[in-house]
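J.: Attaching a single structure in structure tokens format; questions to follow.
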4 protein chains.
Amino acid sequence: MKLNSYIDHTLLKPTATKNEIIKLCNEAITYDFFAVCVNGCYVALANELLSDSSVKVCSVIGFPLGAMATEAKVFEAKNAIAQGADEIDMVINLGALKNKHYDFVFDDINQVKKAIGDHTLKVILEISELSYDEISKASSICVDAKADFVKTSTGFSSGGASIEAINIMKKAINGKAKMKASGGIRDYDTAKTYIDLGVDRLGVSSGIAIMNGTKSNSNY
Amino acid sequence: MKLNSYIDHTLLKPTATKNEIIKLCNEAITYDFFAVCVNGCYVALANELLSDSSVKVCSVIGFPLGAMATEAKVFEAKNAIAQGADEIDMVINLGALKNKHYDFVFDDINQVKKAIGDHTLKVILEISELSYDEISKASSICVDAKADFVKTSTGFSSGGASIEAINIMKKAINGKAKMKASGGIRDYDTAKTYIDLGVDRLGVSSGIAIMNGTKSNSNY
Amino acid sequence: MKLNSYIDHTLLKPTATKNEIIKLCNEAITYDFFAVCVNGCYVALANELLSDSSVKVCSVIGFPLGAMATEAKVFEAKNAIAQGADEIDMVINLGALKNKHYDFVFDDINQVKKAIGDHTLKVILEISELSYDEISKASSICVDAKADFVKTSTGFSSGGASIEAINIMKKAINGKAKMKASGGIRDYDTAKTYIDLGVDRLGVSSGIAIMNGTKSNSNY
Amino acid sequence: MKLNSYIDHTLLKPTATKNEIIKLCNEAITYDFFAVCVNGCYVALANELLSDSSVKVCSVIGFPLGAMATEAKVFEAKNAIAQGADEIDMVINLGALKNKHYDFVFDDINQVKKAIGDHTLKVILEISELSYDEISKASSICVDAKADFVKTSTGFSSGGASIEAINIMKKAINGKAKMKASGGIRDYDTAKTYIDLGVDRLGVSSGIAIMNGTKSNSNY
């Protein structure tokens, strides 16, 4: 298995500096990762650094709380695409989901998808905050709203990906969207377990450790 | 001392529901707090609920990481004002600050200030991530960029307000901006300590506990 | 698979009350779990409550830091056995392990094992604090010191069990001891994954949720 | 004010190595701190290193959960004294306190005090887990049980010392015991604030930063 091609090489801590982003991009080229995943303020830089490579640029939107106004999510997504992002990882509106305001949750996602057209949209559920029923319902809404991926976690909440959540997501999605597992995946065996479960992409900040079989203590 | 008039009554957890925001607003009216502080998706609701009161609406921008593109911060701030926000609490770009890209940090703040005009702008430093020198330098940049307030913390990082940080901020600001202490302030004596040090506003999710002399375990 | 027979039903939070321990023991009887795992102050109570059942009593020693003097670990273990504990989960001395004082690490474990005789000794490595090499070395020392089980985590550190760590432990142990996975195991699929990997016991505070296919947010 | 004489220079993380303890002791001599505070496995080493100095050795007992059996706390305390500890910082039994089993809480403390005679006993309340009423009641029990100090926090829970808690403790203690503030005290101004409130001792891992006016990110 070519594990590298599943990896979004990720650096989202707010104190990340320009040099750390340069290092991230260079590593992504060296290991031929699928993408780098960065905060909005570094999209233009990543795009410039990766322009001659096949590594894509992924940016987060409404991150990590997902509680931004829909209009702001739409603008942020369009702005990221304009600055060179290939893919968008947005956070679902958790309060509306908890409140069963499913029309709002759908619309929040669907408007972002419409704004970015053919670009890939991943929707982060933040599964550590959700019941099994909420994970299932949220996954279905993502499919209805034309999300390309359903993603487990931001890496900034109390927990990351879990096997159970992936299984629930898979059942709810029923082949109509892809899955990205993220949060707490720090080693090769765990990465492979998720891929064997059917995950299409891995969001990891420990990509180098995973590829080299060493160990990381990162929480993402 | 009328402690209530110092308080931004705050609810920023991403899972907050509509009913929790309604409760927050009603409490703010009952206790005559200065403002409520909510995520962007609840600005319109809070504005509607508080329209007949003197309680102001404060919204957070680029929250809590501060790593959004400047254009997205500007749009999010304008959008919040359009939906009824009176005050804007934005997070500083921590990576640029760490990198000593002070022009970027200044511009990130100044563009938001220009976009919101006379509305109050508070800039969150996230002091738990900064050295004393960085707190001092960031405070000076905030003043130069026409911020109305320098604020300590988001409540989503590893630590909140500290006495030392307030003293450093006060010295750097030198009377040219106000100060907001936030993060970990959960009781009357602590609130009073910060006010005695010269703080002009308190961001607390424990406003009721503080006013009633009881205890909260909230982290904000 | 009879998942229940793999479970140490666990409640170790320091604020746990007598009624919570009574509930824990009753649940263990209802679900026929292998054991309950409690802090030392509740061993006598659990022993009394479970005397007519097949559910065993497990107590933690030097918990959760493992930095107690060896003499104190030995006494605490003997005292727990005297009060009715069937099994002992002690924490390895992490500082000595980091320092490569392997004789000390061995002796710390071996003295506890000698003190409790035929009673089962599990040694907690706290894998979130260790490199892969340290996990491997610690597992070997546990085998040499006659531990019956090597266990991953306390549930009080930054991370719990991981698939990679189990695989490393398995290789180092080479069939000469059993394995207990603990920390962050909150659902049936994850529990089953660990058992399929060869784990002999699961330390979980979400035993009921695991058996019923619902969800827990507990960190243990 | 000679701030150094108020400080218990503290290193309690479980991975602390021998060299880190040697450094801690040397720093304590250089700055003439009141004591070092270490885990039980390092008492003998600290005692040896500090034998020619006036710096005292303080060890923690039942740390940090306080849920050990009373017999084990008593043994651990006596063992620490035998190995050279001058002072004992034990953790109160939080479950019994929550359960209003005040006789048990009293006895747990009083037996340790009897076991160590004239040596100083500090009792850690872990105020982040307690209501104001519980802080007050626990402080009174400490006084009745002949504790020499009431101490706020372990540094391993969700929060550290607070001004309000100190004020509540002071009122309940009414001059019949001393107070130690610990947890989250990382700078000179905060340290001085606590001393001005009447605190007699500070447990800090940032002693050097406090003395030099620089900044630490330690949680203790």
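The values are calculated or read from the model by the stated rules, or taken from the named source; none is laboratory data. Every value quoted in this text rests on a predicted model; they were computed, and no experiment measured them. Neighbour counts run over all protein chains shown; Cβ positions are idealised from the backbone, glycine included. Accessible surface areas use protein heavy atoms only, side chains included; no ligands, DNA or RNA. Shrake-Rupley method; radii C 1.70, N 1.55, O 1.52, S 1.80 Å.
J.: On the rotation axis linking copies B and A, which residue of B comes nearest by its Cβ, and by how many whole Å?
T.: B:75, 2
J.: Right, something else. Output the lone cysteines of chain B: those with no second cysteine's C-beta under 4.7 Å from their C-beta.
T.: Among the cysteines of chain B, those whose Cβ sits 4.7 Å or more from every other are B:25, B:41, B:142.
J.: Let me ask you something else. In chain C, with Lys and Arg counted as +1 and Asp and Glu as -1 at Cβ, which of these residues, C:93, C:51, C:19, has the Cα nearest the positive end of the dipole, that is, farthest along it?
T.: Among C:93, C:51, C:19, the one farthest towards the positive end of the dipole of chain C is C:93.
J.: While we're on this one: How about region D:161-175: which of its residues lose at least 50 Å² of accessible area in the presence of all protein chains relative to their chain isolated, using a 1.4 Å probe?
T.: With the partner chains in place, region D:161-175 has these residues losing at least 50 Å²: D:163, D:164.
J.: May I ask for the accessible area buried between chains C and D, both sides summed, probe 1.4 Å, to the nearest 100 Å²?
T.: That pair of chains buries around 2600 Å² in total.
J.: Something else: Just to confirm the numbers: residue A:195, label point 7 angstrom along the Cα-Cβ line, distances to the other copies in nm, shortest first?
T.: The answer, with the shortest distance listed first, is 2.8, 5.9, 6.0 nm.
J.: Are there residues in region C:41-57 whose accessible area shrinks by at least 50 Å² when all protein chains are included rather than the chain by itself, and which are they (probe 1.4 Å, ligands and nucleic acids not counted)?
T.: Residues shielded by partner chains are C:41.
J.: Sorted from shortest, what are the nm distances separating the label point of residue D:26 from equivalent points in the other copies, each placed 7 Å from Cα along Cα to C-beta?
T.: Result, one decimal in nm: 3.5, 5.9, 6.3.
J.: Just the ratio, please: alpha-carbon radius of gyration of the protein assembly as shown over 2.2 N^0.38 Å, N its number of residues.
T.: Working it through for the protein assembly as shown, the quotient is 0.94.
J.: Next up: Measuring from a point 7 Å out along Cα→Cβ, what nm distances, shortest first, does residue C:103 have to its partners in the other copies?
T.: Those label-point separations list as 5.0, 6.3, 7.6 nm.
J.: Please report, in Å, the Rg and the Dmax of region D:3-212, where both are computed over Cα atoms only.
T.: Rg then Dmax for region D:3-212, in Å: 15.7, 45.
J.: Going Cα to Cα from residue B:18, which aspartates and glutamates come in below 13 Å? Please leave out same-chain ones fewer than 8 positions away.
T.: Of all the aspartates and glutamates, those that pass the test against residue B:18 - Cα under 13 Å, at least 8 places apart if same chain - are B:48.
J.: If the only charges are +1 at each Lys and Arg Cβ and -1 at each Asp and Glu Cβ, what is the size of the charge dipole of region D:7-110 around the Cα centre, to the nearest 20 debye?
T.: Taking the Cα centre of region D:7-110 as origin, the dipole is about 320 debye.
J.: Which residues belonging to region A:1-25 lose at least 20 Å² of 1.4 Å-probe accessible area when the assembly is complete, relative to their chain isolated?
T.: The answer is A:14, A:15, A:17, A:18 - residues whose exposure falls by at least 20 Å² when every protein chain is included.
J.: Charges at C-beta only: +1 for Lys and Arg, -1 for Asp and Glu. How large is the resulting dipole of the protein assembly as shown about its Cα centre, in Debye rounded to 20?
T.: For the protein assembly as shown, the charge dipole is close to 0 debye.
J.: Next question, about the same structure. In terms of Cα to Cα distance under 16 Å, which aspartates and glutamates are near enough to residue B:98, apart from those fewer than 8 places away along the same chain?
T.: Here the aspartates and glutamates satisfying the reach criterion relative to residue B:98 are A:20, B:107, B:108, B:126, B:129, B:133, B:134.
J.: If I compute solvent accessible area with a 1.4 Å probe over the protein chains, what percent of it on chain C is carbon and sulfur?
T.: Carbon and sulfur atoms account for 46 percent of the accessible area of chain C.
J.: Sticking with this structure for a sec: Could you state the orientation-averaged shadow area of the convex hull built on the Cα atoms of region C:1-80, in nm² to one decimal?
T.: Average of the hull's projected areas for region C:1-80 equals 5.7 nm².
J.: Using a 7 Å offset from Cα along Cα-Cβ at residue B:23, what residues in region B:41-69 end up with backbone N under 15 Å from the label point?
T.: From region B:41-69, the list is empty.
J.: On a 30 Å Cα-Cα criterion, which of the cross-link pairs D:23/D:122; B:178/D:192; A:56/A:176; A:137/B:56; C:78/C:178 come out too long?
T.: Where the Cα-Cα span goes over 30 Å, the pairs concerned are A:137/B:56.
J.: A further question follows. About the Cα centre of chain D, how large is the charge dipole given +1 on each Lys and Arg Cβ and -1 on each Asp and Glu Cβ? Please answer in debye to the nearest 20.
T.: Dipole magnitude for chain D comes out near 200 debye.
J.: Here is a further query. Enter the mean number of other protein chain beta carbons within 10 Å of the beta carbon of each residue in D:92-98, as an integer.
T.: 5
J.: Here's something else I'd like to know. If you roll a 1.4 Å probe over the heavy atoms of the protein chains, what accessible area per residue do you get for chain A, in Å²?
T.: On a per-residue basis, chain A sits at 35 Å².
J.: A follow-up question, please. Just check region A:99-220 against the gyration tensor rule for me: Cα atoms, a ≥ b ≥ c as the square roots of the eigenvalues, rounded for a/c under 1.5, and otherwise prolate or oblate depending on whether a/b exceeds b/c.
T.: In terms of gyration-tensor shape, prolate.
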